[in-house]
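Each remark here refers to the structure printed beneath this line.
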Amino acid sequence: MNTYCKAAIRNQKELMTGIWKMELEAPEIAHSARPGQFIQMYPPDERNLLARPISLAAIHGESVEVVYRVVGKGTEQFSRLRDNDMVQLMGPLGNGFTLPEAGERSVIIGGGLGIPPLLELSKRIPGEAEVFLGYADAPFMDGDFRGHGRKVHVASQTGNGGFRGTVLELVEAIAPFADRVYACGPRQMLQAVAEWAERQGIPAQVSMEERMACGIGACLGCAVKIQKPGEKDWQYLRVCRDGPVFSGREVVWNG
Amino acid sequence: MDDRMETVVAGVALKNPVITASGTFGSGREYGELIDLNCLGAVTVKGVSCEPWKGNPIPRIAETQSGMLNSIGLQNPGVEHFIEHDLPFLRQHDTKIIVNICGHTLAQYCAVAERLADCDVDMLELNISCPNVEEGGLAFGTAPRMVERVVQAVRHYTGQPLTVKLSPEVTDITEIARAAVSGGADALSLINTLRGMKIDIHRRRAVLASKTGGYSGPGIMPVALRMVYEVCKTVDVPVIGMGGIATFEDALEFIMAGAAAVAVGTANFHNPYATVEIIEGIRGYLEENDIASLDKIRGIVD
Ligand SMILES: Cc1cc2nc3c(=O)[nH]c(=O)nc-3n(C[C@H](O)[C@H](O)[C@H](O)COP(=O)(O)OP(=O)(O)OC[C@H]3O[C@@H](n4cnc5c(N)ncnc54)[C@H](O)[C@@H]3O)c2cc1C
Ligand SMILES: Cc1cc2nc3c(=O)[nH]c(=O)nc-3n(C[C@H](O)[C@H](O)[C@H](O)COP(=O)(O)O)c2cc1C
Ligand code: FES
C-alpha cells in the first residue's frame, strides 16, 4: 500500500563517480514493495516542488535500497545527505514486474541506470535467468547479480569489462534461449530489446521512464503511448500508475 | 459539521472552504488512497469534454523554481466515462462534486453541460482558460464579449450552479469577471495557470514538447491573490480563489482578500496531505483567535 513517510538514510555511498547508493529505512514501503516498483523522493530544498521517481534496487526487511545518478538539482541534493538524515518519500508506486512461471527461462537486460531496478527481480526469479548488462564505460553492480548466482554478461562502449558494443549486440551474439525478457534502460535500448524479443516470439516486460508530477496517476503528466492488442488506436497511459513496466509489444515506440 | 468552517458557494453548502483544483487531483480516486476524501469541502475533477481527448505529446511536465509547468492538454476519457466510472465513486463520499468542463467549440461546451444537467453533481466549473489547447480554452476566455457569450450559451443548458474559471492572461481581470457574471455565472474560479516556458540549455531546446505550458505553484500566488482581491471588489458573486496555495496561511490570505472558498492544486504533488493540513490549519486559526465564522474575516482587507 502506498505511504507518504519520512525515512532515515543508511549507508549512503558513491559507487563510482556520480553514481550513489543509499539504503532508506522505511518499513511500510519495504513490507509491501515488489521488484520493478519505484518511490517518489522529495528533494530537501522545498523550492524543488516535485518529487523524483527512483526505482527500488533492493528490498530488505525494514528498508529499501536505491541507486541513482546525479544529473540535476534533486539528485545532487540527495547525494549530499548523510547517514541518519531524513528524507521524505512516497511509495511503493507502480506495478512491478510479473515473475516467470515455474520452469520458464528468463533473460534480464539492463542499460546504465536501468540496471539497479533489475537487481531485486533477478534475486526473486526462482528459475534460470541470464543477465546482460550494458554500460557506457566501467561496469557497476555486476557483482551484485553474480552474488546470487546469476550468469552475467557485460557490454560497454569502451570495451571495459569484456564485450565492446551495445548490450543488444551482446545479446544477439550470445543468442540466449528464453521464455521471458525483462528490460530497463534508455528508451532506444528498450525499443531494440522489444524488437529483438518480438523476432524471437518472446514476451518482453520493459520498464519505462517519464517526467512526473503526482506519481500516483492523478495528473496525467507521465504519459506513454500504448496500443493494446485488438484496439484500433493507441492511447496515452500513465507510467506511474499503469506502468512503469509495460509489454514491449504494446509500446508505440516511434512517435 | 463544524459551523465555523461552513462555506456557501453559489447556494452549495461546503463543510469547509477547501476544494481541490481541477487537473491536479484526477477524480479523487488516487489521492483517496492516502487522504480521507470526506474531509474535503469539495473535489473538482479533471476537465471533462464530450468526447475523449488524447492530450498533448510528452514531455508534459517541467519543474521550475518554486513552481512547475504542465502541458497535459486536457487529456480525458470523455463525459460518458466520467458519468459511468468517476461520478459513482465520488458519490460514495461526503463531499461536494464540482465538474470542470471544457470544449473546443461553443457547441462542445454546451453538449457537456447538457449531458451533465440531470446528473448528481453539485456544480459545474466552466474552463474557458486552459492555455494548453489550441482551439477553445484561452480563446474563449480572453475577450469579454466572447466570455459573456460562452457563459450565456452554457447557462441555457444547465440549471446547476455554474462557476466560470478565468485566465490571468488578460489585461483587466475585472472586465472579464463582469462579463462572466452578466453571462449568468453564479460564481467565479480564479486563477488558471499562466503561460510559461523552460529551456534545457544542455539540449538547447524547450523541455516541454508543446514548448510552452501552464505555470502553477507557489510562484504564482501573489498574482493570483491580487486578481482575487480585485475581482472580489468588483462583482457580487462568490469567488473560488486558487493559485499557489500550499499552506493554511496562504488559504487565509485568499479568504481575507474576499474569496468564498479556496482550491489547492500543485501543492498536492508536493504534499498529498496539503488539503487536510490546510483545513486543520484554518480551523486552528479560527479557534485560537476566537473567530466564530469565516464571514468575520472574509474580505476583511479593504
Ligand atoms: C519510474 C522511474 C524510475 C527511475 N529510476 C531511477 C533510478 O533507479 N536511478 C536513477 O538514477 N534514475 C532513475 N530515474 C530517473 C530519475 O527520476 C531522474 O534522473 C531524476 O528525476 C532527475 O532529477 P534531478 O533533479 O537530478 O534532475 P533535474 O533535471 O534537475 O530535474 C528536473 C525535473 O525533471 C525530472 N526529470 C529529469 N530527468 C528525468 C528522467 N530521466 N525521468 C523522469 N523525470 C526526470 C525531475 O524529476 C524533475 O522534476 C527514474 C525515473 C522514472 C520515471
Ligand atoms: C497538471 C495540471 C493540470 C491541470 N488541469 C486543469 C484542468 O483540466 N482544468 C482546469 O480548469 N484547470 C486545470 N489546471 C489548473 C489548476 O486547476 C489551477 O487553476 C492552477 O494550477 C493554479 O493553482 P495551483 O497553483 O494551486 O496549482 C491544471 C493544473 C495542473 C498543474
Ligand atoms: S505523474 Fe501524475 S499521472 Fe503519473
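The values are calculated or read from the model by the stated rules, or taken from the named source; none is laboratory data. Keep in mind it's a predicted model, so treat the numbers as computed, not measured. Here the Cβ is made from the backbone with ideal geometry for all residues, glycine too, and neighbour counts use every protein chain on show. What goes into the accessible areas is simple: the full protein's heavy atoms, side chains included, and nothing from ligands, DNA or RNA. Shrake-Rupley method; radii C 1.70, N 1.55, O 1.52, S 1.80 Å.
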Inset, instruction - Confirm whether residue B:301 is within 13 Å of another protein chain (Cβ to nearest Cβ) and among the hydrophobic types (A, V, I, L, M, F, W, C). - result: no
Inset, instruction - Residues being within 6 Å of ligand 1 (Cβ to nearest atom) and within 17 Å of the chain's Cα centre (by Cα): count how many of those fall in segment A:50-65. - result: 4
Legend entry - Of the criteria (1) farther than 28 Å from residue A:166 by Cα; (2) more than 14 Å from every other protein chain (Cβ to nearest Cβ); (3) surrounded by 18 or more Cβ atoms within 10 Å (Cβ to Cβ), which one residue A:230 fails: (3)
Legend entry - Unique residue being among the hydrophobic types (A, V, I, L, M, F, W, C), within 20 Å of residue B:270 (Cβ to Cβ) and under 15 Å from the mean Cα position of the chain (by Cα) when the list is B:48, B:18, B:9: B:18
Legend entry - Pairs with Cβ under 9 Å, 6+ apart, first in segment B:279-292 and over 12 Å from residue B:248 (Cβ atoms), second open to solvent by less than 20 Å² (accessible area, probe 1.4 Å) and in a helix (DSSP H, G or I): B:292/B:286
Inset, instruction - Taking residue A:115 as the residue in question, decide whether it is at pLDDT 95 or above, within 15 Å of ligand 1 (Cβ to nearest atom) and away from every other protein chain (no Cβ under 14 Å). - result: yes
Inset, instruction - Sort through B:55, B:23, B:41, B:32 and tell me the only one that's within 12 Å of another protein chain (Cβ to nearest Cβ) and within 14 Å of the chain's Cα centre (by Cα). - result: B:23
Inset, instruction - Could you look through segment B:256-281, keep only residues that are surrounded by fewer than 24 Cβ atoms within 10 Å (Cβ to Cβ) and away from chain A (no Cβ under 14 Å), and pick out the one that is farthest from residue A:48 (Cα to Cα)? - result: B:258
Inset, instruction - Name every residue in segment A:162-213 that is without any contact (Cβ under 8 Å) to a residue 12 or more places away in the chain and either open to solvent by less than 10 Å² (accessible area, probe 1.4 Å) or closer than 19 Å to residue A:140 by Cα (or both), in order of residue number. - result: A:162, A:163, A:164, A:165
Inset, instruction - Go through segment B:12-41 residue by residue and tally those that are open to solvent by less than 20 Å² (accessible area, probe 1.4 Å) and small (Gly, Ala, Ser). - result: 6
Legend entry - Test: residue B:44 is out of contact with any Leu (no Cβ under 8 Å at 6 or more places or on another chain), at pLDDT 95 or above, assigned to a strand (DSSP E or B) and buried (at least 17 other Cβ atoms within 10 Å of the Cβ): yes
Inset, instruction - Hey, can you tell me all the residues within segment B:228-272 that are on the phi > 0 side of the Ramachandran plot and within 9 Å of ligand 2 (Cβ to nearest atom)? - result: B:243, B:244
Legend entry - Selection within segment B:80-99 - surrounded by 24 or more Cβ atoms within 10 Å (Cβ to Cβ) and closer than 13 Å to residue B:124 by Cα: B:98, B:99
Inset, instruction - For residue B:217, state whether it is of a type outside the set (Asp, Glu) and over 30 Å from residue B:268 (Cα atoms). - result: no
Legend entry - Failed item in (1) basic (Lys, Arg); (2) surrounded by fewer than 21 Cβ atoms within 10 Å (Cβ to Cβ); (3) touching a residue at least 12 places away in the same chain (Cβ under 8 Å), with residue A:80 passing the rest: (3)
Legend entry - Residues (more than 16 Å from ligand 2 (Cβ to nearest atom) and in a loop (DSSP other than H, G, I, E, B)) located in segment A:50-79: A:56, A:57, A:60, A:61, A:62, A:70, A:71, A:72
Legend entry - Residue in segment A:88-97 that is of a type in the set (A, V, I, L, M) and outside any strand (DSSP E or B) present: no
Inset, instruction - Among the candidates A:47, A:52, A:34, single out the residue that is of a type in the set (D, E, K, R), within 14 Å of another protein chain (Cβ to nearest Cβ), buried (at least 16 other Cβ atoms within 10 Å of the Cβ) and on the phi < 0 side of the Ramachandran plot. - result: A:52
Legend entry - Any chance residue A:221 is in a loop (DSSP other than H, G, I, E, B) and more than 10 Å from chain B (Cβ to nearest Cβ): no
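Given the criteria crowded, with 23+ Cβ neighbours inside 10 Å, within 27 Å of residue A:138 (Cβ to Cβ) and within 14 Å of another protein chain (Cβ to nearest Cβ), does residue A:22 qualify? Talk me through it step by step, then tell me what you get.
Working: crowded, with 23+ Cβ neighbours inside 10 Å: yes; within 27 Å of residue A:138 (Cβ to Cβ): yes; within 14 Å of another protein chain (Cβ to nearest Cβ): no.
So residue A:22 does not fit the description; no.
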Inset, instruction - Go through segment A:25-49 residue by residue and tally those that are in a strand (DSSP E or B) and either within 19 Å of residue A:115 (Cα to Cα) or within 11 Å of ligand 1 (Cβ to nearest atom) (or both). - result: 5
Legend entry - Single residue of segment A:228-240 satisfying the filter (more than 15 Å from the chain's Cα centre (by Cα) and within 16 Å of ligand 3 (Cβ to nearest atom)) that is farthest from residue B:59 (Cα to Cα): A:235
Inset, instruction - Report the residue count in segment B:212-265 for those that are in contact with a strand residue (DSSP E or B) (Cβ under 8 Å, 6 or more places away or on another chain) and among the hydroxyl-bearing types (Ser, Thr, Tyr). - result: 3
